[in-house]
Amino acid sequence: MYSRRVDKRIDTIPESTMQSLQRHPWPGNVRELQNFIERAVILSTGSILHAPLEDLKISADSQPEPVVTLRRVESSHIMKILRETNWVLGGPRGAAIRLGLKRTTLVSKMHKLGLTRPALGMAL
């Protein structure tokens, strides 16, 4: 398709190129792949597809962020509020109010998430 647009005949795609194309995660999905192939056709001379494979290298800046679970986010947020309230769960200045929960619901979540108050003398 692209070779017709630029009036080139591509007969061969080297095996190493094909493997690199298959291994790449294509974060932009099909459009990114299409753009890459189109560019490769334009840059190729002769009937062999010469793809700029160095462009497929994922830089450290574009690495996908590790998946953070909802459980981890919820646990971290509750712990932050518990520290800020000095582990006071109920009352007008307690963690439950700040989290928008009933005290009993907070206690239940803490139990479910395995959150316990650190022993005295331990660093928070």
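Where does the longest stretch of the chain lie that holds no trypsin sites (Lys or Arg not before Pro) found in a DSSP loop with 16 or fewer other Cβ atoms within 10 Å? After excluding every exposed loop site, the longest remaining stretch is 10-56.
Based only on Cα atoms, what mean projected area does the convex hull of the chain have, in nm²? Seen from a random direction, the Cα hull of the chain projects 12.9 nm² on average.
In the chain, helices alone account for a calculated mean residue ellipticity at 222 nm of -14000 deg cm²/dmol, with every DSSP H run of four or more residues adding -39,500 (n - 2.57). Per the Debye calculation on segment 70-113 with a single equal scatterer at every Cα and no solvent contribution, log₁₀ I(q)/I(0) for q = 0.17, 0.25, 0.31 Å⁻¹ amounts to -0.37, -0.82, -1.20. Model label sites at Glu74 and Leu43, defined 7 Å from Cα along the beta-carbon direction, differ in position by 4.7 nm.
Coordinate-derived values only; no laboratory data. Owing to the predicted nature of the structure, the values given are computational and were not obtained by experimental measurement. Counting neighbours? That spans all protein chains shown, and the Cβs are built from the backbone with ideal geometry, glycine included.
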